[in-house]
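Presented below is the structure to which this report refers.
The values are calculated or read from the model by the stated rules, or taken from the named source; none is laboratory data. Note that the structure is a prediction, hence the values are computed from the model and not measured. In this analysis, Cβ positions are derived from the backbone assuming ideal geometry, glycine residues included, and neighbour counts consider all displayed protein chains.
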């Protein structure tokens with residue numbers, strides 16, 4: 001796989017371990033990007049626990065973790081990511097919204113400090129590289145893997161990512177709120193011509209007016225943006241905890257009728273984007 005994504009956590013806000021959240025999944029945000037033989041993780045919600053177990057089985061000793069932001073549902077799986085406890089593991093941890101607020105190392109350390117967690121960050125044995133950047137920057141993450149970023153409209157800030165490798169591109173745009181009738185020009189610039197966009201579809205357009213200010217978007221707005229930016233495919237992501245399997249199945253039918261380029265993200269789903 002030149003470039004592909006695997007979904008380990010697709011839920012927003014809080015994990016939903018219930019019989020009504022089995023088909024699509026109840027773990028919070030975590031994606032794995034395969035870029036050649038390199039592994040990139042997007043967010044560290046509860047889904048990262050299963051990913052860590054797979055890394056241990058497969059002997060994956062090096063990876064990079066790119067965080068959109070540091071709200072609980074995107075970082076609370078980090079202390080349960082098994083590789084961080086192991087020596088001879090090399091893990092880069094990147095954040096684009098905390099340069100003026102103490103940095104990502106400080107946030108993760110606070111999450112694991114007494115009385116919130118029994119094992120402090122200082123006890124971890126992996127080689128952890130903490131990198132704070134400013135959303136809007138771009139760089140070569142690893143050999144022939146390029147990252148572009150953009151600030152998103154979310155309380156306390158968030159970062160959108162575009163990952164390019166082997167002539168393909170995947171964008172991760174979650175935890176962003178749109179303005180009705182005003183397409184986000186920054187997002188349009190970031191996703192232009194992308195093969196796959198994973199987009200914050202927490203709400204429907206009908207639900208959205210009651211949720212303005214909460215920092216999220218809709219699947220309909222995602223479709224509008226992707227069509228305008230000539231995107232190949234959009235993954236509906238960051239499912240609201242109140243949207244159970246029946247709700248998501250109906251949403252999927254409506255979304256695919258609206259635009260066949262949509263797919264609803266499920267845990268363990270792998271997408272290899274192509275045109």
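What to note about this one:
- Looking across region 102-129, just one residue is closer than 22 Å to residue 56 by Cβ and within 19 Å of the chain's Cα centre (by Cα), and that is 108.
- Every listed requirement among (1) on the phi < 0 side of the Ramachandran plot; (2) out of contact with any helix residue (DSSP H, G or I) (no Cβ under 6 Å at 6 or more places or on another chain) is met by residue 102 save one, (1).
- Top-ranked residue in region 142-151 [being crowded, with 19+ Cβ neighbours inside 10 Å and within 17 Å of the chain's Cα centre (by Cα); ranked as nearest to residue 185 (Cα to Cα)]: 150
- Region 236-246, residues that are surrounded by 14 or more Cβ atoms within 10 Å (Cβ to Cβ) and in contact (Cβ under 8 Å) with a residue 60 or more places away in the chain: 237, 238, 239, 240, 241, 244, 245
- Residue satisfying condition, being at pLDDT 95 or above and either surrounded by 24 or more Cβ atoms within 10 Å (Cβ to Cβ) or farther than 22 Å from residue 3 by Cβ (or both), within set 229, 210, 189: 210
- Being touching a helix residue (DSSP H, G or I) at 6+ places or on another chain (Cβ under 9 Å) and surrounded by fewer than 24 Cβ atoms within 10 Å (Cβ to Cβ) is a property that holds for residue 218.
- Region 96-112, residues that are under 21 Å from residue 52 (Cβ atoms) and in a loop (DSSP other than H, G, I, E, B): 112
- Among residues of region 247-275 that are under 24 Å from residue 21 (Cβ atoms), those with a Cβ under 6 angstrom from a residue that is surrounded by fewer than 15 Cβ atoms within 10 Å (Cβ to Cβ), sequence gap 6+ or separate chain, pair up as 262/256.
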